[in-house]
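**Student:** Supplied in structure tokens, the structure appears directly below.
The values are calculated or read from the model by the stated rules, or taken from the named source; none is laboratory data. Here the structure is a predicted model, which is why all the values come from computation and not from measurement. Here Cβ is always computed from backbone atoms with ideal geometry, including for glycine, and neighbour counts include all displayed protein chains. Just the protein is used for accessible areas: all its heavy atoms, side chains included, with ligands, DNA and RNA removed. Shrake-Rupley method; radii C 1.70, N 1.55, O 1.52, S 1.80 Å.
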Amino acid sequence: MELIIKDLLINFLFVLLPIFFMQMLYLVSYLYRFEKVKASWFVVFPIISFVLCMLFPFSFGDGFNFDLRRVPFLLGILYGGPGFAAWLLPALLAARFFIGGSGFFITLFTFTPIAVLAMFFSKYYLKMPLKQKLPSVGVLILFSLLLTTYVAGQIYDMHMTVSMWVIFYILNIVFILIAAVLLEVIKTNFDVLQKLMKAEKLEIVSNLAASISHEVRNPLTASRGFMQLCYESDIPPETKEQILISIQELDRATGIINDYLTFAKPAPDEAEAIILHETINHAVNVLMPLANMNSIELDVSAEKKEHCYILGERKKLEQALINIIKNAIEVMPNGGKIRIKTTYEHHLAKIRICDQGKGMTQKQMARLGEPYFTTKANGTGLGMMVSFRIIQSLGGRIHVTSKVNKGTCFVIELPTVHE
């Protein structure tokens with residue numbers, strides 16, 4: 001009995017070791033600003049872990065080995081997603097086959113259905129809070145253990161003592177709970193580091209914008225005024241066309257400067273009670289000509305709620321909505337439909353803007369709102385950056401979900417006040 005516990009404790013060290021390596025990779029990627037840390041690299045860690053567990057098991061005769069391989073295997077699929085299952089299951093079966101013994105068939109008949117179950121469950125697992133994740137992984141590994149017990153007893157007529165099974169069950173459940181908590185801590189730390197990196201970039205751009213925007217905008221305004229006078233004077237048509245192009249470029253430069261100013265100082269100058277459905281309808285009316293030009297239908301469902309308002313500056317909220325809807329229009333060159341829906345929950349208003357564009361990857365979604373990041377060929381990223389900053393200044397949040405080649409949904413949450 002003591003030998004079994006000792007072997008499983010050694011196995012648990014093999015489970016923890018790759019987790020700490022993963023933490024080191026996260027820290028190194030943050031310290032040295034590695035942008036190309038791919039999620040697929042992390043499939044190596046659970047493979048290392050369960051291979052080491054299988055190399056140092058406790059044996060039960062005739063090639064039957066017991067270890068903690070199911071702990072890194074299940075966590076790898078749950079945190080990595082269905083794509084990880086396609087790598088982990090063949091790697092597990094191949095390693096067990098080369099180790100040899102009759103126990104290979106127990107692994108084949110038990111881990112294959114478990115992998116399929118974990119693969120489908122992983123779609124919901126990452127969205128759960130920790131208090132739901134822990135019971136979920138506990139139930140999943142318990143089911144795996146029960147299936148192993150059944151297969152080992154029915155097909156091979158192998159029976160361990162009750163006390164051995166109890167210890168094996170308890171240690172598996174306890175160890176997977178500890179490992180899940182550690183992974184959650186590492187994941188939380190990495191999310192905080194990513195937010196720190198983004199905050200550093202935003203702070204630099206904010207300080208730069210506040211220091212030079214006013215000085216740059218003033219000479220641009222003066223230059224545009226003189227060009228406008230020249231354009232209205234009696235000059236040759238060719239010269240007028242050239243001056244008009246210059247005026248348009250100055251206006252574009254002024255627009256970029258205004259975006260910087262909004263980003264540097266997004267807080268409302270004068271807070272007012274904003275009627276949300278009116279603001280949304282105004283933003284839609286502004287963009288309706290652009291939508292019609294691109295054969296896009298704007299499907300608006302703005303719920304009206306009496307005596308319920310958003311506190312802030314209406315023009316800036318309109319600017320944020322226009323930026324987001326305009327981006328949605330521009331990512332749908334072949335036409336389609338954009339759905340804009342408003343709902344209210346308690347003291348929260350939710351604006352849902354969904355397009356049918358090309359969508360984004362997880363990495364692109366994580367970078368939304370960063371300075372100079374854009375998915376458009378000729379974009380600057382300033383519009384989305386300003387929109388995120390305006391929503392934050394109003395006490396709100398933006399959640400983004402997207403699927404490549406299927407579309408993107410922005411969910412804007414804003415606190416409401418009552419009269």
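**Student:** Which of the residues spanning the stretch 123-159 are of a type in the set (D, E, K, R) and modelled with pLDDT of 85 or more?
**Tutor:** Residues of the stretch 123-159 of a type in the set (D, E, K, R): 123, 127, 131, 133, 157.
Across the stretch 123-159, the qualifying residues are Lys131, Lys133.
**Student:** Six or more apart or on different chains, Cβ atoms under 7 Å: show the pairs whose first residue is in the stretch 283-296 and closer than 13 Å to Ala328 by Cα and whose second is outside any helix (DSSP H, G or I) and hydrophobic (A, V, I, L, M, F, W, C).
**Tutor:** Once the first residue is closer than 13 Å to Ala328 by Cα and sits in the stretch 283-296, its partners that are outside any helix (DSSP H, G or I) and hydrophobic (A, V, I, L, M, F, W, C) give Val284/Leu298; Val284/Val300; Val284/Ile340; Met288/Leu298; Ala291/Leu298; Asn294/Met332; Ile296/Met332; Ile296/Ile338.
**Student:** For residues that are in contact with a helix residue (DSSP H, G or I) (Cβ under 8 Å, 6 or more places away or on another chain), touching a residue at least 40 places away in the same chain (Cβ under 8 Å) and part of a helix (DSSP H, G or I), tally how many sit in the stretch 318-356.
**Tutor:** Of the residues in the stretch 318-356, 9 are in contact with a helix residue (DSSP H, G or I) (Cβ under 8 Å, 6 or more places away or on another chain), touching a residue at least 40 places away in the same chain (Cβ under 8 Å) and part of a helix (DSSP H, G or I).
**Student:** Moving to a separate point now. Can you run down the residue pairs with Cβ atoms below 6 Å, 6 or more apart or on separate chains, where the first is in the stretch 96-120 and farther than 19 Å from Ile47 by Cβ and of a type in the set (S, T, N, Q) and the partner is modelled with pLDDT under 90 and not in a helix (DSSP H, G or I)?
**Tutor:** Ser102/Asp62; Ser102/Gly63
**Student:** Please work out which residue is farthest from Tyr125 (Cα to Cα), limiting yourself to the stretch 163-189 and to residues that are polar (S, T, N, Q) and either open to solvent by less than 60 Å² (accessible area, probe 1.4 Å) or in contact with a strand residue (DSSP E or B) (Cβ under 6 Å, 6 or more places away or on another chain) (or both).
**Tutor:** Applying the filter and picking the extreme gives Ser163.
**Student:** Then there's this: Would you tally the residues in the stretch 295-314 being in contact with a helix residue (DSSP H, G or I) (Cβ under 7 Å, 6 or more places away or on another chain) and modelled with pLDDT of 85 or more?
**Tutor:** Here the count works out to 4.
**Student:** Which residues, counting only those in the stretch 282-318, are surrounded by 19 or more Cβ atoms within 10 Å (Cβ to Cβ) and touching a Gly at 6+ places or on another chain (Cβ under 9 Å)?
**Tutor:** Result: Ile296, Ile310, Gly312.
**Student:** Name the residues in the stretch 387-419 that are under 14 Å from Leu321 (Cα atoms), among the charged types (D, E, K, R) and outside any strand (DSSP E or B), would you?
**Tutor:** Within the stretch 387-419, just Arg389 meets the criteria.
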